[in-house]
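Data block below; observations after.
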Amino acid sequence: MNQFSYVRPASQQAAIDALTKDKSARFIAGGTNLLDLMKNGVVAPEKLVDINRLPLKSITLNNNTLHIGALTLNSEVAAHTLVTTRHPLLSQALLAGASQQLRNMATTGGNMMQRTRCSYFYDITMPCNKRTPGSGCSAIGGINRMHAIFGASDQCIAVHPSDMCIALAALDATVLVAGPKGNRRIPFGEFHRLPGNTPDKDNNLGKGELITGIDIPASPFTQNIYYLKVRDRASYAFALVSVAAALDISNNTIRSARLAMGGVAHKPWRLHEAEKALIGKTPTIENFRIAATVATQSARTYKHNAFKVPMAQNSLVTALSKAAAV
Amino acid sequence: MKKQAVGQSMDRVDGRLKVTGTARYFADHQPEGMLYAALVCSPVSSGRITAIDAAKALRAPGVADVVSHLNAPPVPGYKADNPNPKQGLKIFYDDRIYSNGQPVAIVVANTLERAVHAASLVKVTYAQEVHKTDMDENMGQAFQHKNMKDYLRGEADAWKKAPVHLEAEYNIPIEVHNPMELAGIIAHWETPDQLTVYAKTQGVKSVQQTLKTLFQLPESQITVHSRFVGGAFGMGLRIWPMEVATILAAKKIRKPVKLVITRKDMFTLVGYRPAARQRIGIGATTDGKLTGITHEAVANTSPYEDFTEAIVNMSRMMYACPNVNTRYQLVPLNLSTPVWMRGPGEATGAFALESAIDELAHQLKMDPLQLRILNHADTDPEKHLPYSSKYLKEAYEMGAAKIGWQQRSQTPGQLQENGWLVGYGMSSGVFSAGRGRATASATLKADGTLVIRSAAADIGPGTATAMVQIAADATGIDAKKIEFLLGESAYPEAPRQGGSSTVSTVGSAVNDVCRSLQQKLGEMASAGIPAFKGVKAENIQHEDGQLVAGNTRLDYAALLQLQQLPELTVTTTSQAGDERKHYAMYSFSVHFTKVHVHPATGVVRIKHIVSVADSGTVVNTKTARSQMIGGVVGGIGMALTEEALIDHRYGRYVNNNYADYHVPVNADTPPTDVLFINKKDPVINPMGAKGMGEIALIGFAAAVSNAVFNATGKRVRDLPITPDKLI
Ligand SMILES: Cc1cc2nc3c(=O)[nH]c(=O)nc-3n(C[C@H](O)[C@H](O)[C@H](O)COP(=O)(O)OP(=O)(O)OC[C@H]3O[C@@H](n4cnc5c(N)ncnc54)[C@H](O)[C@@H]3O)c2cc1C
Ligand code: SF4
């Protein structure tokens, strides 16, 4: 680890200024991901800008929109009544992630910004395009059991590891950002990126931009929801595949549906086509199977992760069945 | 008479120290002037070091030195060249690289952070050579170690002729030692030829002996402290090259140096359960009598050392089968040397044998429990000796009743609960019950307290507690007044804590030294105390810490006071006689599991475990239960989650951290019923206690894979059973 300086600005503007001035500076929130990256030599910021003093820790309801401040802890969000009653899918997803200790440190903004868990990204002795653009992707010809089946490129096949973000993608959240050029709002689906030719970029946040919070619009998805996480051990493991499923059912007909998957792509993988395939249908296993087939049409697999396609299909059907209680 | 202490569920004597953080583990020590070390390890898996540029590291703040093969003090023991080329990794000896992660330099600084940072500044260049780390690609290199001869009883490959038979391959990956406490050492040269180390070890005496050979110092000039160990499971059965590296750095710098390795380096520096490829052929008559077993195993070792263990041995002696042949070979790979890991080779072999038995039972359309009972060995079929004690049939019965074995369906895939497939599985385990040689001293003080010392280890099972119980019964002194001290090389000789033999070996020494103490006290009373005048020492009775002759009673403490002795010490060495010539001695275990398998996602959840131990007298039911549960958790890891992954292009581990290498967590561990036969073995030792540490794990993985088969009809022969294998 390199020597670095540490500042703890009291205002949002000061934090943004501190980051803009210094090319290698990083915000630090809970530190649960950043410190590991620093210890492994994956990143070596010369300055850490601790944002924990900023007033971004809140969960409020404004005009039916739920606002969650960027520094609100994963454990706080998961347990808050506004979340458990209005967006239980988010609560379930958060509780499926990491461990209670980590959730007690991890923040909403930090969770969105966490880097991939691709082993090659963390080990600086092996090539990785995400860490060192142009060095090559070790995962493509290496051990890729955990890697993407959707939207990958020949530059990078890593997946985004978050559980929380899968629910937020399904819930059509909006990311609130403040930066040197002012404030902006990014639809959740446009926040994270696919790797393409720039796998070093995980998302569309600009230099010096700070996530201040997220907004989640009111939705009918309070009852028929389910977050399914398939993993190698019962707790404290990243998803092989995860599914956020939300259904709005009335008169035994699906009025609207939201489906997103984790562990399968470089970004939370929203399944718009599969959602469409469900609308107007009755909630039956048969119809869920059809949607699952639609969902996995564009899958492409590598040496060790072909199992993810049937696992994704089965998980979709399972999560939808749980959500619909059929 | 006092209540017997052996058999009680006594709290750990060091429990309070441990939970209050007062127990001092090796890394908690801080000799005056101590410096901190960090390793520089090779990212290359085979080749030579061509240059080490330490200039930048040496200029970094607080750095004392960078030590490597270029400047390390010589290890005198390395010079005495042994004709055997495979004598282990000689650290900092030459420029050769044998495996990825091999330490090439050690950086010492006045803080840990500075040492770690400076280590990142050392620039090492290598001439890389071709490496081999892929077991399957290198099976052609398999060779037979001279100690591991082929075994044949009856006719070879007789299973092929059996009316019902099968042949299958069972694979286990490398499993890595990952106890919570990291490995390391504090090395302190008190004078240029007086070495003190604080080690994480399963045997202080064994460390002392190794250092004696390496540094050619008399034993009296080497002190090893290791009172508390935060889990070892086999990794502490020997000294590792990075510990020698630290000792060399301390010698060069002339200051105490502490090294605690990283979690990542636990994968490459402290041994592991080797990967194994096993083939079993098994055959039986149509009514289920075994007629032949063939068990062949190949496991990996390192380029510079041959590590062997007892992988195929269980197949020779577990069942009454007339024809058995086994073969065991090694494949050298560019990896560090494996080491025993709990249950060691027997656990590897039991997965294959006990899976094959289950497969055979399925072919026979027979209950696998019945098949095992039908082929129960009433005498040892390998040694042709009677057992000192064996209650395996009772263990089968107890376990089956507790798990509800009758609910199992003989046809797989029949049972469901809440949308999950339900399966029941079982297996048995066996491990040699040993007794070695140990010495203990007993010091009785005039205040009536008793201190017993022996250079034993406690890596977690609660050794000191058990020893106090044994001493309490042997002397009649209240357990609260007895202290058992271990983990110091200055104490009387005891073997390493391994092979489930500590209670048997050290416990016998404790028992015997207590008897010697009583004899000595009797002699003193007979010779010097008027009330006992004329009573021969051997006619004096001992009861509740008192000497008794007729109506005369005298406290041990009072005797010392009358003799004006502040304390009295006796020392006794204890070892087995020739029992082993007449008896086969084994501990047995039986594991039953009930599992759920999700039909859509392939997720396996163990719902209930019953493990039964036939391990003779249970000295402490509480710590024994913990011991069994610990083994079961290790078994869950072996069965479902643990696998060290190597990218063979680089020869490097890719999941070398706690997040990606999945040690089971609480959520993986279901309610576990531990049952004990708890019947004294009349032969093995005075307590009648056989070992328990290994049988807790041996066979367990097969109990899970057999249950998974019962739930799904899918036979997984490659551990671990991750969801992708059941999709
Ligand atoms: C062992 C382990 C297991 C885990 N398992 C899971 C799991 O199963 N599921 C899961 O979802 N997650 C898991 N995690 C990841 C965990 O959720 C993240 O580490 C955590 O959410 C990151 O939040 P943080 O506040 O600690 O971020 P930090 O580590 O402080 O920061 C991470 C990154 O975000 C940036 N950042 C932080 N806040 C802001 C902001 N407001 N604006 C802009 N940039 C910001 C930082 O600069 C940094 O680059 C696991 C982590 C570990 C260590
Ligand atoms: S998948 Fe992406 S993160 Fe992983 S090695 Fe390839 S480029 Fe790096």
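The values are calculated or read from the model by the stated rules, or taken from the named source; none is laboratory data. No experiment lies behind these values; they were computed from the predicted model shown. Heads up, the Cβs are rebuilt from the backbone with ideal geometry, glycines too, and the neighbour counts pull from every protein chain shown. SASA here: full protein model, heavy atoms, side chains in, ligands and nucleic acids out. Shrake-Rupley method; radii C 1.70, N 1.55, O 1.52, S 1.80 Å.
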Cα pair distances in the stretch B:268-310, grouped into 10 Å bins until the bin that holds the longest one, percent each: 21, 36, 21, 15, 7
Rg and Dmax [Cα atoms of chain A; Å; Rg one decimal, Dmax integer]: 19.4, 63
Per residue value of the accessible surface for the stretch A:32-165 (all protein chains in place, 1.4 Å probe), Å²: 36 Å²
With Cα atoms, 0 to 90° folded angle of helix A:285-295 axis to chain A main axis: 40 degrees
On Cα atoms only, tilt of A:308-324 relative to the major axis of chain A in degrees: 70 degrees
Cleavage-rule hits (GluC sites (Glu not before Pro)) in the stretch B:338-398: DSSP loop, at most 11 neighbouring Cβ within 10 angstrom: none
For B:Tyr272, residues with placed amide H under 5 Å, excluding near neighbours: B:Val339
About the Cα centre, charge dipole magnitude for the stretch A:5-50 (Lys/Arg +1, Asp/Glu -1 at Cβ), debye: 40 debye
10 Å Cβ shell holding at most 16 others, DSSP loop, chymotrypsin sites (Phe, Trp or Tyr not before Pro): longest site-free stretch of chain B: B:94-657
Accessible surface, chain B, averaged per residue in Å² (probe 1.4 Å): 37 Å²
Axial C-alpha extent at least 27 Å, average Kyte-Doolittle at least 0.0 - helices from chain B (DSSP): B:344-364, B:502-528
Whole-number accessible area per residue in Å² for the stretch A:188-312, which is evaluated in the context of all protein chains at 1.4 Å: 39 Å²
Nonlocal amide H pairs with B:Thr196, under 5 Å, H built at 1.01 Å: B:His188, B:Trp189, B:Glu190, B:Thr223
Within the protein assembly as shown: Cβ-based charge dipole about Cα centre, in debye rounded to nearest 20 (Lys, Arg +1; Asp, Glu -1): 1580 debye
Length-normalised contact order of chain B in % [C-alpha pairs under 8 Å, at least 6 apart]: 17 percent
Two-decimal Rg to Rh for the stretch A:5-50 - Kirkwood Rh, Cα set: 0.97
Difference of contour (0.36 nm per residue) and Cα-Cα distance, B:Ala168 to B:Val665: 175.8 nm
Rounded if a/c under 1.5, otherwise prolate or oblate - chain B, Cα gyration tensor axes: oblate
q = 0.04, 0.05 Å⁻¹, the protein assembly as shown: log10 I(q)/I(0) [Debye, one scatterer per Cα]: -0.23, -0.36
Dimensionless Rg ratio for the stretch A:224-324, taking C-alpha atoms and the 2.2 N^0.38 Å reference: 1.03
Among beta bridges that DSSP assigns inside chain B, antiparallel share in %, nearest 5: 80 percent
For the stretch A:137-197, diffusion coefficient by Stokes-Einstein and Kirkwood Rh (Cα), 4 °C, 1.567 mPa s, µm²/s: 95 µm²/s
In Å, descending, principal axis extents of the Cα set of the stretch B:435-575: 48, 25, 22
Probe 1.4 Å - accessible area at B:Thr125, Å² to nearest ten: 60 Å²
Those GluC sites (Glu not before Pro) in the stretch B:73-148 that DSSP places in a loop and that have at most 14 other beta carbons within 10 Å: B:Glu129
Greater than 22 Å apart at Cα, pairs in B:Lys390/B:Lys581; A:Lys303/B:Lys725; B:Lys56/B:Lys90; B:Lys200/B:Lys264; A:Lys308/B:Lys725: B:Lys56/B:Lys90
Trypsin sites (Lys or Arg not before Pro) within the stretch B:147-189: DSSP coil, no more than 16 neighbouring Cβ in 10 Å: B:Lys149
Accessible surface buried once A binds B (1.4 Å probe; total of both sides; Å²): 2500 Å²
Given charges at Cβ of Lys, Arg, Asp, Glu: the protein assembly as shown dipole, positive-most of A:Ile16, A:Ala245, B:Ala27: A:Ile16
Accessible carbon and sulfur surface of the protein assembly as shown relative to its total accessible area, %, 1.4 Å: 50 percent
Extension gain (nm, one decimal) between B:Glu394 and B:Lys146, 0.36 nm per residue minus Cα-Cα: 85.4 nm
Rg to Rh, two decimals, where the stretch A:200-243 supplies the alpha carbon set and Rh follows Kirkwood: 1.11
Kirkwood Rh, angstrom, the stretch B:320-429 [1 / mean 1/r, Cα pairs]: 16.9 Å
Nearest-10 value in Å² for the accessible area of A:Lys39, using the 1.4 Å probe: 140 Å²
DSSP-defined beta bridges in the stretch B:435-575 - what % are antiparallel, rounded to 5: 85 percent
Alpha carbon convex hull of the stretch B:134-213, volume per residue in cubic angstrom: 240 Å³
Projected-area average for the stretch B:263-352 over all orientations - Cα convex hull basis, square nanometres: 6.3 nm²
Test item: Cα-centred dipole of chain B, Lys/Arg +1 and Asp/Glu -1 on Cβ, debye: 460 debye
B:Val619 accessible area, assembled protein chains, probe 1.4 Å, Å²: 10 Å²
Neighbouring partner chain Cβ atoms per residue of A:226-238, average, 10 Å criterion: 6
Rounded to 10°, Cα long-axis angle of helix A:12-21 versus longest principal axis of chain A: 70 degrees
Local net charge near B:Ile49, Cβ-Cβ under 13 Å (Lys/Arg +1, Asp/Glu -1): -1
